[in-house]
Amino acid sequence: MSVSMRQEADTGFVEIDNPPVNAIGHAVREGLLKAVKWAEEAKLARVIVTGKGRAFAAGADAREFDSAPKEPHLPDVLNAIDESPVPWIAAIDGVALGGGAEIAMACRMRIISPKSQIGLPEVTLGVLPGAGGTQRLPRLVGLARALDIITTGKPLTAQKALEAGLVHQVADDPMQAALGTGAEALQRIVPTWTLPAPDADEGAFEAARKAVAKKQANQTAPLKVIELIRDTLAEPFHQALLAERTAFLELRNGAQSKALRHMFFAERAAKAPAWLTAEPVSLKHVAVVGGGTMGAGIAYALLNAGLTVTILETDAQGAERAIANVEKIISASLKRGLINDARAADHRSRFAASSDYSTAADATLAIEAAYESMEVKVDVIGKLEAALPKDAILATNTSYLDINEIAAAASDPARVVGLHFFAPAHIMKLLEIVRGDHSSDTSLATGFALAKLLRKIPVLAGVCDGFIGNRILARYREAADTVLMDGATPWDVDKAMVGFGYAMGPYEAQDLSGLDIAHANRRRQDATRDANRRYIPIADRMVELGRLGKKTGAGWYLYPETGGKAEDAAVAELAVAAAKSAGLTRTAYSQQEIERRLVLAMINEAADILDEGIAQSAADIDLVTVSGYGFPRWRGGLMHYADSLGAGNIVEALEGLALEDAVAWKVSPLLKRCAENGGLLADYVPTR
Ligand code: 3HC
């Protein structure tokens with residue numbers, strides 16, 4: 001059943017019932033329209049509409065967005081509610097989002113429970129409110145507030161919704177409150193569509209445009225909705241709705257909405273694979289080895305999820321530093337209002353740091369986040385094995401090291417698994433779960449269970465240098481360094497990638513993480529590097545000069561004490577000198593060409609990663625690139641973007657580049673196969 005109807009005396013009860021979150025699909029629209037007619041024919045005094053389960057309604061069913069719209073359309077259904085002689089009351093207990101909020105706004109009255117949320121998050125799916133939201137919301141809350149709510153897509157708490165005038169009442173039991181509202185009181189409230197539209201205010205539009213340019217640059221929906229509201233504000237309500245519908249459908253069919261929908265569903269599909277049926281170990285006490293930035297971030301994330309945490313360090317001083325690092329995060333969270341004093345005290349009560357491994361003797365999981373050296377990791381695994389229960393899972397947070405080699409140090413390598421967090425670990429959503437040759441299903445299942453507990457996006461990865469994300473990153477940086485050597489500056493490269501949609505380019509990002517990390521990694525790879533592969537020495541020279549990034553005041557950019565960052569001619573000269581000593585003639589690259597090379601390099605590497613079975617699906621690579629590495633979400637992730645370019649075009653471009661350097665641009669066999677058979681990367685299932 002999608003919508004149920006029930007009458008008691010002169011009140012109609014309409015319940016939206018489409019589990020799990022009452023998405024408004026075709027059957028729900030039909031059901032609601034039927035309910036309008038039913039209430040009118042029965043001459044009811046009022047209708048109370050609710051949602052069954054945990055949501056009032058989560059919005060239009062986005063799964064229907066790939067097919068042609070089917071009548072009745074939601075705007076027509078909502079007009080029927082708004083214009084009905086029988087007044088409707090929305091009793092909201094749960095989320096009312098998108099079309100769900102639009103149903104509520106078409107009702108005469110809105111009553112909401114304190115924990116509910118209401119909002120119009122359509123822009124996060126690349127569309128705009130398409131069932132009257134762009135017209136009803138400004139009439140209810142005013143222009144500036146409506147522009148803010150719609151362009152940011154952020155839902156309002158019940159209290160904020162009340163303050164904004166979006167709802168009439170906050171009540172613990174919205175149904176009881178609705179029943180207590182008499183027909184006369186209802187008749188005094190005018191239908192939303194008859195309210196006057198607010199006056200045009202160019203200042204409000206300009207402020208909204210500025211906010212969008214700052215936070216949602218490159219995204220079409222937020223700007224489109226501002227212009228739509230501006231253009232239709234003075235138009236009659238129903239005429240404005242037609243313009244809204246046209247704009248909604250245009251966005252819905254566009255590339256950005258498809259990409260954002262893909263990400264939305266990929267994130268929800270990110271869970272343990274069906275074959276992984278093993279039970280995870282029960283998680284209560286977790287040991288974290290190493291209390292540096294990464295270890296402290298992991299510890300805080302674990303504390304936030306209600307777990308008991310012991311950070312294990314090499315000595316008492318290290319333990320003290322670990323406590324200080326975790327305390328720093330607790331204080332920052334308190335300051336930002338993310339936790340209150342009671343929660344902070346609770347976190348502290350479940351946290352300890354020690355150099356004595358026996359203090360974690362009952363931990364069922366250990367996550368080592370110690371110094372990135374095989375010797376250190378092997379030593380830590382040995383100590384953990386000696387101190388923790390025999391069946392505890394031993395996870396390593398290594399970014400690049402061979403997990404099989406680490407596991408070999410354990411007497412039971414099945415207990416060892418990679419859990420690769422991203423800094424800051426208490427904020428970044430991605431968790432790569434790395435499957436070693438001997439990792440048991442229990443170890444893997446524990447990784448997925450932990451991700452769920454921490455509300456992170458888990459992605460299963462195989463063992464290789466850098467797993468999924470860092471392997472793509474390494475290739476991205478190599479392509480960047482090559483254009484730097486051959487003709488560009490770091491700021492040319494950064495501008496190109498910001499233009500593509502990254503929040504920052506690869507050089508600024510390296511300055512933030514520190515050039516020494518990648519340098520140490522290159523030294524590790526010296527022994528196995530392909531002698532035929534071009535090696536760009538500029539980054540090594542930077543490290544020799546002590547330019548390690550922001551922390552030393554100079555990296556690819558200069559960081560003056562007064563703040564900000566500045567381009568540095570000395571760095572550009574370094575590239576010129578490196579090219580000269582290699583006997584190269586430099587060429588100028590357009591931003592478009594830089595972007596093309598860097599993106600193609602990543603796609604080519606990612607296709608190999610998929611082909612080798614290091615990633616289980618193209619969607620997993622999309623999740624990694626967007627959630628861990630800043631690839632623009634509105635492009636749908638690296639592989640979704642690659643499919644939009646088409647394998648044939650990619651192969652042609654790569655073959656062109658291979659004429660310059662056959663080793664660096666060796667075309668991925670998977671891309672070639674897709675080009676030949678017209679297949680999509682999205683559909684490829686690795687067999688290895
Ligand atoms: N359409 C289709 N399916 C949806 C959906 C939607 N709008 N919202 C949620 N779902 C599905 C999810 O895909 C998931 O499916 P699965 O179980 O098969 O994986 C299931 O519902 C549960 O969702 P979550 O796992 O996200 O559950 P949570 O409890 O964590 O979150 C939520 C619930 C807050 C409602 C969250 O799902 C959400 O934010 N949904 C999207 C809300 C939204 O963007 N609405 C606007 C839609 S566009 C629109 O309304 C246009 C209109 O103006 C015409």
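The values are calculated or read from the model by the stated rules, or taken from the named source; none is laboratory data. Nothing here was measured: the structure is a model prediction, and the numbers come from that model. With ideal geometry, Cβ positions are generated from the backbone for all residues, glycine too; neighbour counts draw on all protein chains shown. These area figures cover heavy atoms from the full protein model, side chains too; ligands, DNA and RNA do not enter into them. Shrake-Rupley method; radii C 1.70, N 1.55, O 1.52, S 1.80 Å.
Structure above, values below:
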quantity	calculated
Solvent exposure of the range 104-228 as accessible area per residue, Å², 1.4 Å probe	42
FRET efficiency, residue 673 to residue 531 (Cβ-Cβ, R0 22 Å, nearest 0.05)	0.15
Over the chain: Rg over Rh, Cα atoms, Kirkwood Rh	1.01
Computed [θ] at 222 nm, helices only, for the chain once each DSSP H run of length n ≥ 4 contributes -39500 (n - 2.57)	-15000 deg cm²/dmol
Estimated FRET transfer efficiency (residue 238, residue 361; beta-carbon r; R0 45 Å; 0.05)	0.05
Highest average packing first - 615-623, 252-260, 644-652, Cβ atoms within 10 Å	615-623, 252-260, 644-652
Residue 655-residue 552 FRET efficiency (beta carbon distance; Förster radius 60 Å; 0.05 resolution)	0.90
Average Cα contact separation per residue, the range 1-150, under 8 Å, 6 or more apart, as relative contact order %	20
Spin-label model distance (nm) - residue 523 vs residue 206, 7 Å beyond Cα toward Cβ	5.6
Distance (nanometres) between label positions extended 7 Å along Cα→Cβ at residue 561 and residue 317	2.8
Compactness of the range 618-688, expressed as Rg and Dmax over alpha-carbon positions, Å	12.8, 34
Antiparallel content of DSSP bridges confined to the chain, in %, to 5	25
Volume per residue that the Cα convex hull of the range 280-319 spans, once the total is divided by residue count, Å³	69
Residues with amide H under 5 Å from that of residue 419, placed H, sequence gap 5 or more	396, 397, 398, 434
Listed residues 357, 339, 326: farthest to the positive end of the dipole of the range 303-388 (Cβ charges)	339
Carbon/sulfur fraction of accessible area - the chain, other protein chains in place, 1.4 Å, %	53
Rounded to the nearest 10 Å², the accessible area of residue 172 at probe 1.4 Å	130
Net length gained if the chain between residue 680 and residue 8 were fully extended (0.36 nm per residue, minus Cα distance)	236.4 nm
Relative contact order %, the range 191-255, counting alpha carbon pairs below 8 Å whose residues are six or more apart	34
Table column - 3J(HN,Hα) (Hz), the range 309-314, Karplus curve with 6.51, -1.76, 1.60, x for Gly and Pro	10, 10, 8, 9, 10, 6
Heavy atoms of residue 375: accessible area, 1.4 Å probe, square angstrom to 10	150
Under-5 Å amide H pairs with residue 18, H placed in peptide plane, nonlocal only	52
Å² per residue, accessible surface of the range 321-414 at 1.4 Å	48
Difference of contour (0.36 nm per residue) and Cα-Cα distance, residue 572 to residue 411	52.8 nm
Inter-label distance for residue 27 and residue 687, nm, one decimal - labels placed 7 Å from Cα along Cα-to-Cβ	3.9
Extension gain (nm, one decimal) between residue 379 and residue 34, 0.36 nm per residue minus Cα-Cα	117.3 nm
Sorted peptide list for 488-495, 210-217, criterion being average Cβ within 10 angstrom, highest first	488-495, 210-217
Square roots of 5 times each gyration tensor eigenvalue, C-alpha, the range 266-419, largest first, Å	25, 20, 14
Solvent-accessible surface (1.4 angstrom probe) belonging to residue 550, in square angstrom, nearest 10	110
Length-normalised contact order of the chain in % [C-alpha pairs under 8 Å, at least 6 apart]	8
Segments 324-336, 388-400 sorted - mean Cβ within 10 Å per residue, highest first	388-400, 324-336
